[in-house]
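Taking it in order: structure first as structure tokens, then the write-up.
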Amino acid sequence: MQGQQRTREMNLFTDIRTLVLDCLAALQAEGVLPADLEMNNVTVEPPRDATHGDMATNAAMVLAKPAKMKPRDIAEALAARLTADPRITAAEVAGPGFLNLRLDPVVWQQVIATVLRAGKDYGRANVGQGRKVNVEFVSANPTGPMHVGHTRGAVVGDALASLLDFAGWDVTREYYINDGGGQVDVLARSVYERYREAHGLSPEIADGLYPGDYLKPVGEALKAEHGDKFLGKPEGDWLPLFRSYATDAMMAMIREDLAALGVEMDIYSSEKALYGTGKIEEALATLRDMDLIYEGVLEPPKGRKPEDWEPREQTLFRSTAHGDDVDRPVMKSDGSWTYFAPDIAYHYDKVQRGFDLLIDIFGADHGGYVKRMKAAVSALSSGRVPLDVKLVQLVKLQRGGEPLKMSKRAGTFVTLKDVVEMVGPDVTRFVMLTRKNDAPLDFDVDKVLEQSRDNPVWYVQYAYARINSVLRKAEAQGLDTADASLAGAALSDLSHPAELALIRKMADWPRQVEIAARAHEPHRVAGYLMELAADLHGHWNLGNDAVELRFLQDDQAIMRGKIALARSVGVVISAGLAILGVTPVEEMR
RNA sequence: GGAUCCAUAGCUCAGCUGGAUAGAGUGUCGCCCUCCGAAGGCGAAGGUCGCAGGUUCGAAUCCUGCUGGGUCCA
């Protein structure tokens, strides 16, 4: 397979792991090791401590027990086999049974050529094997502009989608429009007041209506299109029209906000569109066939004394059969659907569209919804399709250490657009990915624009800009700095420990991609980039004292290798930034 | 009351989904540099990984209970 072949060449760690497994198989063939051994737990990783060598394998420790042998004996037999490979220069047993490997520097140096030849595809993985994944994210109610909380979900979802794509998944980015519930009626009534206002009447923004100014243009547009024919008319005359008009306007605004962030959805699905199509009934019928729907009365919630609690018979989903804590109502006693019913139908639809994996990005306030959603997907796909729900915690927006408060009810809140206008889409995206999704995030709009070490965005961008600066200078000295040319540079001169350390960091990139993709954690990419940038800057600083470590050299042949190293770091940085959706800057100003 | 997430250096946080002596940044302390390969550099001190058990060759990581905090729930 072409793809797998390429992956093997790019990820040095899986290369060496394959070698380890081959050696173990040979030992089995010789009868040194028993035939039936589980090898899945055998890993090849960079050691925490660089003095331990280049790579370490735990094979001897993992296999000791099932093979009924001492770890040391296995390790020594394995070491003897491994050192027969030209890539391995040393293999020594250490600690409780680790096997520390040292690789021929040539192997490391070749990483540079690999990076330069692969370009932006360096690190592409095949963990997805072309399977289909649906990432549903943002899914903000179409009742107003997106605020900072949504922004984090948007960035996390988009970056996760890019990461999975990079790791070999077939990705669909999807937005679920919650336009079926009561909140869009509220929206329509709010817009009606703005419509009245457009006619010179004073709006009555009753408690519970959306007070934001952003609805004024919608009211005016309705006036321009329909004149005064809805003034003084009963709600039934205008509600449906106002509802769809307003949600369309809100969705247009949300799409603009997303575009400002650089987020492009593949599909917008509508909750409203599920009604009347039989989709909900179909999904529930499927569950009913599985004996997972029944009429019943829920236990009152434990603990706090239920004041207005009364036992009511409802239509319930037996979600406890799929891991939930209690069964959940899908239809209220008055015969109307609960919020849960269309969500079931929507996820059923996703299952039917053939996805092998579903991912939902929710705000942390929807955490209570996770178990029932997982139960529904588990039931409706007969356990075939996993649903992973990533909960995105709050963003604490600050300016110079002071909190920027937001309140949707008062109509004064910091929108996504505000933030993007203040700091730009690239900074917004990067900062949103500097923490794992389930940890709260501090976002200081002043700090993220500082040029300092503790501003991670700047730090990574600066590394990239430095590399480009040095490339320009090398070019001015007559060097061909095209990647294709640099890929042919002689690299044997790059043998200084600092240079090899930098290369090792780059060699780790494909591995980090796999780890991040498997864990569904795009923030790891940002973390890796900060480390790579730190290594680049550290190496740069060494050049202040040690002239032979500078990228710019008098000797063209030597400089060519150094520049190849610099450029390959730049390639990896831009590959990582591409996953985050951040544009690298060529020059600092 | 239940669900869920979190708890790691003074502070802000990483930590490879079980590996070796737990890492950065910042702050503190000490030294060096004034170099445009500028937007500092080197080093030191600083830890019962919330607490208590359990699982195993091995736990910050997995399981159970507890404590404290965020979020959610008719």
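Key figures for this structure:
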read-out: Residues of region A:95-116 that turn out to be out of contact with any helix residue (DSSP H, G or I) (no Cβ under 8 Å at 6 or more places or on another chain) and in contact (Cβ under 8 Å) with a residue 24 or more places away in the chain, as a count; value: 3
read-out: Some residue of region A:67-82 being open to solvent by less than 70 Å² (accessible area, probe 1.4 Å) and closer than 30 Å to residue A:489 by Cβ; value: yes
read-out: Condition broken by residue A:543, with the remaining ones in (1) more than 8 Å from RNA strand B (Cβ to nearest atom); (2) more than 28 Å from residue A:578 (Cα to Cα) satisfied; value: (1)
read-out: Failed condition for residue A:436, given (1) closer than 19 Å to residue A:588 by Cα; (2) in a loop (DSSP other than H, G, I, E, B); (3) not acidic (Asp, Glu); value: (1)
read-out: Unique residue being out of contact with any Asp or Glu (no Cβ under 7 Å at 6 or more places or on another chain) and either crowded, with 20+ Cβ neighbours inside 10 Å or assigned to a helix (DSSP H, G or I) (or both) when the list is A:495, A:485; value: A:485
read-out: In region A:547-583, residue least open to solvent (accessible area, probe 1.4 Å) [restricted to those that are more than 9 Å from RNA strand B (Cβ to nearest atom) and part of a loop (DSSP other than H, G, I, E, B)]; value: A:582
read-out: Total residues in region A:145-186, condition at pLDDT 95 or above and within 18 Å of residue A:235 (Cα to Cα); value: 0
read-out: Any pair with Cβ under 7 angstrom, 6 or more apart, that starts in region A:52-68 at a residue that is in the same structural domain as residue A:92 (by TED's automatic domain parsing) and at positive phi and ends at one that is open to solvent by 20 Å² or more (accessible area, probe 1.4 Å) and within 7 Å of RNA strand B (Cβ to nearest atom); value: A:53/A:47
read-out: Enumeration of residues in region A:420-449 that are open to solvent by 20 Å² or more (accessible area, probe 1.4 Å) and within 9 Å of RNA strand B (Cβ to nearest atom); value: A:434, A:435, A:436, A:438, A:439, A:440, A:442
read-out: Candidates A:171, A:191 - the one that is buried (at least 18 other Cβ atoms within 10 Å of the Cβ) and within 30 Å of residue A:522 (Cβ to Cβ); value: A:171
read-out: Failed item, numbered, when residue A:353 is tested on (1) at pLDDT 90 or above; (2) over 23 Å from the mean Cα position of the chain (by Cα); (3) closer than 24 Å to residue A:154 by Cβ; value: (2)
read-out: Check on residue A:519, more than 7 Å from RNA strand B (Cβ to nearest atom) and of a type outside the set (Asp, Glu); value: no
read-out: Residue in region A:407-419 that is over 25 Å from residue A:261 (Cα atoms), without any contact (Cβ under 8 Å) to a residue 60 or more places away in the chain and not charged (D, E, K, R) present; value: no
read-out: Of the criteria (1) more than 16 Å from RNA strand B (Cβ to nearest atom); (2) in contact (Cβ under 8 Å) with a residue 12 or more places away in the chain; (3) not small (Gly, Ala, Ser), which one residue A:299 fails; value: (1)
read-out: Region A:126-135, residues that are open to solvent by less than 10 Å² (accessible area, probe 1.4 Å) and touching a Gly at 6+ places or on another chain (Cβ under 8 Å); value: A:128, A:135
read-out: Matching residues, region A:90-133, being among the charged types (D, E, K, R) and touching a strand residue (DSSP E or B) at 6+ places or on another chain (Cβ under 7 Å); value: A:92, A:102, A:104, A:131, A:132
read-out: Those residues of region A:90-117 which are within 16 Å of RNA strand B (Cβ to nearest atom), of a type outside the set (Val, Ile, Thr) and surrounded by 18 or more Cβ atoms within 10 Å (Cβ to Cβ), in sequence order; value: A:91, A:97, A:98, A:99, A:100, A:101, A:103
read-out: Filter result for residue A:252 (at pLDDT below 95 and in a helix (DSSP H, G or I)); value: no
read-out: Residue list for region A:54-82, restricted to those being near RNA strand B (Cβ under 7 Å from one of its atoms) and assigned to a loop (DSSP other than H, G, I, E, B); value: A:58
read-out: Residues of region A:524-535 classified as within 20 Å of residue A:160 (Cα to Cα), within 7 Å of RNA strand B (Cβ to nearest atom) and open to solvent by less than 40 Å² (accessible area, probe 1.4 Å), total; value: 1
read-out: In region A:328-360, the residues that are in contact (Cβ under 8 Å) with a residue 12 or more places away in the chain, within 16 Å of RNA strand B (Cβ to nearest atom) and either among the β-branched types (Val, Ile, Thr) or open to solvent by less than 20 Å² (accessible area, probe 1.4 Å) (or both); value: A:330, A:340, A:341, A:357, A:358, A:359, A:360
read-out: Residue selected from region A:38-84 under the condition under 11 Å from residue A:100 (Cα atoms) and hydroxyl-bearing (Ser, Thr, Tyr), by the criterion modelled with the highest pLDDT; value: A:57
read-out: Subset of region A:23-33 [surrounded by 13 or more Cβ atoms within 10 Å (Cβ to Cβ) and either more than 18 Å from residue A:104 (Cβ to Cβ) or not assigned by TED's automatic domain parsing to the domain that holds residue A:73 (or both)]; value: A:24, A:25, A:26, A:27, A:28, A:32, A:33
read-out: Check on residue A:538, near RNA strand B (Cβ under 8 Å from one of its atoms) and farther than 28 Å from residue A:127 by Cα; value: yes
read-out: Some residue of region A:395-416 being open to solvent by less than 20 Å² (accessible area, probe 1.4 Å), closer than 15 Å to residue A:136 by Cα and away from RNA strand B (no atom under 12 Å from the Cβ); value: no
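Quick grid of which residues meet (1) within 38 Å of the chain's Cα centre (by Cα); (2) outside any strand (DSSP E or B):
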| residue | (1), (2) |
| --- | --- |
| A:222 | no, yes |
| A:243 | yes, yes |
| A:256 | yes, yes |
| A:265 | yes, yes |
| A:269 | yes, no |
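The values are calculated or read from the model by the stated rules, or taken from the named source; none is laboratory data. Note that the coordinates shown come from a computational prediction; the quantities given were computed from them, not determined experimentally. In this analysis, Cβ positions are derived from the backbone assuming ideal geometry, glycine residues included, and neighbour counts consider all displayed protein chains. What goes into the accessible areas is simple: the full protein's heavy atoms, side chains included, and nothing from ligands, DNA or RNA. Shrake-Rupley method; radii C 1.70, N 1.55, O 1.52, S 1.80 Å.
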